[in-house]
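Single-structure report; data block below.
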Amino acid sequence: MSCPASALIADNKGWYVAVNDQACGLTGYSRAELLGKAIIDLTPPHAVEIYERLWDSFVRSTKQHGLYQIRRKDGSVVTVRYCAYADVVPGLHISFITESAHRSSL
């Protein structure tokens, strides 16, 4: 049975070190392509400042959730609902994301 959510594991600098098949399907990137990217690479240009604020807060906390926008490989932007946990293993952070029906202007 597969996980219904996209799961992405990032290091302290935001680089992806592991992703599941659902993350590939949601983003349009292959596993190899995603593993060569950082969270900022999937962040639309208009949301970079928001990303920086959220990331700084996240790495100092244990959990964060909400809505975020990601830019897919084809350039389209999708709003996702996320739940992220910091330091599940020291220096590694996991995020579970699902596409949201909510349209946000993050």
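Key figures for this structure:
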{"read-out": "Members of the stretch 53-106 found to be touching a helix residue (DSSP H, G or I) at 6+ places or on another chain (Cβ under 7 Å), of a type in the set (D, E, K, R) and open to solvent by less than 80 Å² (accessible area, probe 1.4 Å), listed by number", "value": "71, 72"}
{"read-out": "Test: residue 62 is among the polar types (S, T, N, Q) and under 13 Å from the mean Cα position of the chain (by Cα)", "value": "no"}
{"read-out": "Search result, residues across the stretch 1-55 that are closer than 19 Å to residue 87 by Cα and hydroxyl-bearing (Ser, Thr, Tyr)", "value": "6, 16, 51"}
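The values are calculated or read from the model by the stated rules, or taken from the named source; none is laboratory data. Keep in mind it's a predicted model, so treat the numbers as computed, not measured. Positions of Cβ are backbone-derived with ideal geometry, glycine not excepted, and every protein chain shown enters the neighbour counts. Note: accessible area is taken over every heavy atom of the protein model, side chains too, but ligands, DNA and RNA are not part of it. Shrake-Rupley method; radii C 1.70, N 1.55, O 1.52, S 1.80 Å.
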